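Each remark here refers to the structure printed beneath this line.
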Amino acid sequence: FPSHDNRGVCRDMIKKHDPDKHIFKFWNMNLWCAPDSVSWDNDWVHYSYTEGYHPARAGVLVMQTLQKLWGKPCSVDTTEYRKYMSFCREVDFIWQYFDKLTGAQQVYGDATLENMVIHHGRIILIDPGYDRGFKVRENDMGKLLQSARGWDQMRRGLAYEPDSFDAWEPAVIASYMTHLHRLIRHKHPGYAIHWAIEELSEARDYLNAL
């Protein structure tokens, strides 16, 4: 991961809208990576204030956390995710790189580094996402690549040099592309969409050149 010093990052999280209890259930299944004092009431999950550090310099700890979450490799079925991604015009291009995926028992679903915090020597996963039928390790790795390519730099003003694609597997880059398409579809702020469009172009060119 990009190397930089960013001490004192705090996450002031008191409650989050969680009508289907997705976040609450994730944390209760994974207390080892959850904030303290998690509860749910009337469509909201309540959780304690968590203070810690951005994990960009803790790549080993991040990977250990995700590997524990993933569990043993299992079978892969991307049918549901392909249906979900049907809005994407280049879905056929992306799917050709999904011939070697590793199934997971569960995934974090939104594994950008801004959604993790080092708290007393452990990683807290602070914003569990949905797998959307893409319950594979490459789902989370694609989100890590999003951070490595400069997402946290753009969003949080962190100073580091974005990573190249060379160290990442084609399936992870293709997964990253699905995340970028989803980002654009969900109407993030204009600067984020502009960044995502440029990233899609670079990822596409890289894969085409393999």
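The values are calculated or read from the model by the stated rules, or taken from the named source; none is laboratory data. All of these numbers come straight from a predicted model, not from anything done at the bench. Glycine also receives a Cβ, built like all others from the backbone with ideal geometry; neighbour counts cover every protein chain displayed. Note: areas computed on protein heavy atoms with side chains; ligands, DNA, RNA excluded. Shrake-Rupley method; radii C 1.70, N 1.55, O 1.52, S 1.80 Å.
Of note:
Residue by residue, here is whether (1) part of a loop (DSSP other than H, G, I, E, B); (2) of a type in the set (Gly, Ala, Ser); (3) more than 30 Å from THR79 (Cα to Cα); (4) free of Cβ contacts under 8 Å to residues at least 24 places away in the same chain holds:
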residue	(1), (2), (3), (4)
ASP127	yes, no, no, no
MET141	no, no, no, no
GLN146	no, no, no, no
GLU161	yes, no, yes, no
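- In the stretch 111-125, the residues that are over 10 Å from the mean Cα position of the chain (by Cα) and assigned to a loop (DSSP other than H, G, I, E, B): HIS120, GLY121
- For the condition in contact (Cβ under 8 Å) with a residue 40 or more places away in the chain, over 25 Å from ARG132 (Cα atoms), open to solvent by less than 90 Å² (accessible area, probe 1.4 Å) and out of contact with any strand residue (DSSP E or B) (no Cβ under 8 Å at 6 or more places or on another chain), PRO170 does not qualify.
- Any chance ASP92 is in contact with a strand residue (DSSP E or B) (Cβ under 9 Å, 6 or more places away or on another chain) and either open to solvent by 20 Å² or more (accessible area, probe 1.4 Å) or of a type in the set (S, T, N, Q) (or both): no
- Of the residues in the stretch 165-173, none is part of a helix (DSSP H, G or I), touching a helix residue (DSSP H, G or I) at 6+ places or on another chain (Cβ under 6 Å) and either modelled with pLDDT under 95 or under 16 Å from MET154 (Cβ atoms) (or both).
- Restricting the stretch 16-26 to residues that are touching a strand residue (DSSP E or B) at 6+ places or on another chain (Cβ under 8 Å) and either of a type outside the set (A, V, I, L, M, F, W, C) or over 25 Å from LEU145 (Cβ atoms) (or both), the residue that is least open to solvent (accessible area, probe 1.4 Å) is ASP18.
- Flag for TYR84 being among the aromatic types (Phe, Trp, Tyr) and more than 13 Å from ALA174 (Cα to Cα): yes
- Annotation for the stretch 30-44: at least one member residue is at pLDDT 90 or above, of a type in the set (Phe, Trp, Tyr) and not in a helix (DSSP H, G or I).
- Within the stretch 38-62, the set of residues being on the phi > 0 side of the Ramachandran plot and in contact with a helix residue (DSSP H, G or I) (Cβ under 8 Å, 6 or more places away or on another chain) is empty.
- Flag if ARG155 is part of a loop (DSSP other than H, G, I, E, B) and of a type in the set (Lys, Arg): no
Here's the yes/no breakdown for (1) open to solvent by 70 Å² or more (accessible area, probe 1.4 Å); (2) under 26 Å from GLN64 (Cβ atoms); (3) of a type outside the set (Phe, Trp, Tyr):
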site: SER75; (1), (2), (3): yes, yes, yes
site: GLU80; (1), (2), (3): yes, no, yes
site: MET85; (1), (2), (3): no, no, yes
site: TYR97; (1), (2), (3): no, no, no
site: GLY109; (1), (2), (3): no, yes, yes
site: ILE126; (1), (2), (3): no, yes, yes
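- Residue match in the stretch 63-70 (condition: over 13 Å from the mean Cα position of the chain (by Cα), surrounded by fewer than 18 Cβ atoms within 10 Å (Cβ to Cβ) and over 24 Å from TRP27 (Cα atoms)): no
- The one condition in (1) at pLDDT 90 or above; (2) open to solvent by less than 70 Å² (accessible area, probe 1.4 Å) that HIS54 fails to fulfil: (1)
- Enumeration of residues in the stretch 176-206 that are modelled with pLDDT of 95 or more, in contact with a Phe, Trp or Tyr (Cβ under 7 Å, 6 or more places away or on another chain) and surrounded by fewer than 17 Cβ atoms within 10 Å (Cβ to Cβ): TYR206
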